[in-house]
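The values are calculated or read from the model by the stated rules, or taken from the named source; none is laboratory data. Because the structure is predicted, anything quoted here is derived from the model rather than measured. All Cβ positions, even for glycine, are placed from backbone atoms using ideal geometry, and neighbour counts span all protein chains on display.
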Amino acid sequence: MASVDDEEVPSFSDLLLDKRVHEALTGPLGFEKPTLVQSKAIPIALQGSNIIARAQTGSGKTAAYLAPVLHQLLRHPSNIPGTRALIIVPSKELAAQVTRMAIALAVFCDFKVTNIVQNVAEEVQRALLADAPEIIVSTPSRAVERLNDGSLDLSDLICFVIDEADLVLSYGYEDDLLILSRKIPNTVQTWLMSATLSQEMDMLKKIFIPEGARVATLKLENEKAASESLVQYYVKCSEYDKYVLAYVIFKLRLIKGKTLVFVNNIERSYHLKLYLEQFGIKATVLNSELPVNSRLHIVEQFNKSAFHILIATDELIMSDGAGKVKTGKKTAKANADYGVSRGIDFQNVAFVFNFDLPTTAKAYTHRIGRTARAGQSGTALSFVVPKAEWGKHKQSSLASARKDEKVLVRILRDHGESLQPYEFNMSQVNSFKYRVQDAFRAITPAAIRDGRIRELRNELLANEKLQRHFEENPDDLEGIKHDAQMLSARSQPHLKHVPDYLLPGGSKPMKIKQGQIKFHKSGRVNKRGASRKPRRSKDPLKSKRL
């Protein structure tokens, strides 16, 4: 098993890749030197060995398998059209990203790359496959569908990859993978890439790598560097206080940079979004309910810093109470190709906020892996609801929070001293609670339902494929616009401003130890709110020293 050592990282020239692949890496893609996983995995793969690799998210795993796959296709040309490389991923979002990278790497090669998970009609998919693209990117279920209808032929396959391999099984693809294993030639070279080496990986190895075949298992991560770049905290608080603290964190700007907020179901994501909107805090929702093109667009906009708070859901993963991941068949079929905590290429995420604690330790690892990537620093904060506090506030309650403390024990077992408790001085934030109560009054079940409808209607308005229809049917466009404007939670403008008397110490910022969550702007938070003086000379909130 390989590990991090002190030897110097080679250049791409030292890896002896085909010239066309090398030029794509160092030219259009602008890669300067190989990452650790690339420098270790590529030379072994070029020798024909099967690869099982564990590497951190953001470490360059995608190029670590795509570059040698292209090299092998170039070194073993065929005059007969056929699919020669199949790349399996767990989600549509990751399929789109891998496809873009493959096309960019193959810019100097005469190879077709086709993503068969994209939202097009089956007839279009079959037509694309009729051209026998050399490289296909797919989820397991979609690949099996095309195998069953005869439009996909894997008899000429020489390279097979499963990216985010541990998640593929967790997402309920066992039966599809078994079918694929029977259709893939025994002579293929296989890559199993993941951020963890788990029991799922052992199972995939047995299924896809013949006994006696050459296989290199690479554990490629600098654990010390990773732990130093990622700071992890957890806060024990009631379900109601989660909302109070979320308001304080975002409204008083205690964190800086792009924030990825995780919740445990779709309704929860809209509840939190509408709650933050009451205070003038803009956030965007990402979940499986949105069309895949909309989800990809949201990720792209987030990566471009068009907005800084993204609320994401992991509604696929559930816990069986023993820490194992299981996927309900109905849920898996409904959301089979969606997954946020792993795979999607979120860029420059400074802060991962587990508003709802995940239901497994593995899911926690997946979530926090979205920050502190590729040598950058990051922070993860998780709310944990003590069992004694669960269910006391119906409107903020979540069923999975009942087991937060049990999940935390398993997380601490995996992460040890890297995960530290953090205590907010609740006496400094209690003065904000009345504002939270005001916000909750506006977030009714009807408001949440309307918020979901509004998001879908906004996506209809932004859908390029519907533009022609709207041009020909302007009444439809006006109707949707009118409905979208009507569907919004009751606005409370007074909640959008923070008067000085609510700040801890008057207008002085909260004192928090260096290196922890802290203010990035001191003094007054909002000039408009700060300039107003209370009309009453004796304000009970102002007279209370914080």
From the list Ser400, Ser431, which residue is modelled with pLDDT of 85 or more and within 23 Å of Leu381 (Cβ to Cβ)? Ser400
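What helices (runs of 4 or more DSSP H) lie completely within the stretch 398-443 and have 2 or more residues being polar (S, T, N, Q) and assigned by TED's automatic domain parsing to the domain that holds Thr379? Walk me through it before giving the result.
Working: elements: 404-415, 426-429, 433-442.
Passing ranges, in order: 426-429.
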Would you confirm whether any residue within the stretch 102-119 is more than 27 Å from the chain's Cα centre (by Cα), part of a helix (DSSP H, G or I) and either assigned by TED's automatic domain parsing to the domain that holds Asp345 or crowded, with 21+ Cβ neighbours inside 10 Å (or both)? no
For residues that are closer than 18 Å to Glu389 by Cβ and part of a loop (DSSP other than H, G, I, E, B), tally how many sit in the stretch 257-291. 1
For the stretch 210-233, indicate whether the set of residues that are surrounded by 19 or more Cβ atoms within 10 Å (Cβ to Cβ) and of a type in the set (Phe, Trp, Tyr) is non-empty. no
Please work out if Gly82 is in a loop (DSSP other than H, G, I, E, B) and more than 19 Å from Thr114 (Cα to Cα). no
Mind counting the residues in the stretch 363-385 that are within 15 Å of Val349 (Cβ to Cβ) and either part of a loop (DSSP other than H, G, I, E, B) or outside the structural domain of Val231 (by TED's automatic domain parsing) (or both)? 9
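Just wondering, is there one or more residues in the stretch 73-84 that are under 30 Å from Ala372 (Cβ atoms) and among the small types (Gly, Ala, Ser)?
Going through the stretch 73-84, the residues under 30 Å from Ala372 (Cβ atoms) turn out to be none.
No: zero hits.
Looking at this structure, is Ala336 in a helix (DSSP H, G or I), at pLDDT below 55 and small (Gly, Ala, Ser)? Give the steps one after another, and end with the answer.
Details: in a helix (DSSP H, G or I): no; at pLDDT below 55: yes; small (Gly, Ala, Ser): yes.
In short, no.
So if I check each of Val117, Val113, Val161, Val168, which one is hydrophobic (A, V, I, L, M, F, W, C) and without any contact (Cβ under 8 Å) to a residue 60 or more places away in the chain? It would help to see each step written out before you state the result.
On the way: Val117 fails: without any contact (Cβ under 8 Å) to a residue 60 or more places away in the chain; Val161 fails: without any contact (Cβ under 8 Å) to a residue 60 or more places away in the chain; Val168 fails: without any contact (Cβ under 8 Å) to a residue 60 or more places away in the chain.
Just one listed residue meets the conditions, Val113.
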Is it fair to say Ile87 is aliphatic (A, V, I, L, M) and part of a loop (DSSP other than H, G, I, E, B)? no
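Going by what's in this entry, would Val263 be described as of a type in the set (A, V, I, L, M) and surrounded by 23 or more Cβ atoms within 10 Å (Cβ to Cβ)?
On the way: of a type in the set (A, V, I, L, M): yes; surrounded by 23 or more Cβ atoms within 10 Å (Cβ to Cβ): yes.
Against the criterion (of a type in the set (A, V, I, L, M) and surrounded by 23 or more Cβ atoms within 10 Å (Cβ to Cβ)), Val263 qualifies.
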For the stretch 157-175, which positions are more than 23 Å from the chain's Cα centre (by Cα) and modelled with pLDDT under 95? Asp175
What are the pairs with Cβ atoms under 7 angstrom where one residue, in the stretch 72-101, is at pLDDT below 90 and the other, located anywhere, is of a type in the set (D, E, K, R) and assigned to a helix (DSSP H, G or I)? Sequence gap at least six, or different chains. Glu93/Arg295
Please go through the stretch 236-256 and pick out each residue that is outside any helix (DSSP H, G or I) and among the hydroxyl-bearing types (Ser, Thr, Tyr). Ser238
Residues of the stretch 21-55 being in contact (Cβ under 8 Å) with a residue 60 or more places away in the chain, under 18 Å from Leu73 (Cβ atoms), part of a helix (DSSP H, G or I) and of a type in the set (A, V, I, L, M), which ones? Val21, Ala24, Leu25, Ala41, Ile44, Ala45
The condition from (1) aliphatic (A, V, I, L, M); (2) in a helix (DSSP H, G or I); (3) under 24 Å from the mean Cα position of the chain (by Cα) that Ala388 misses is numbered (3)
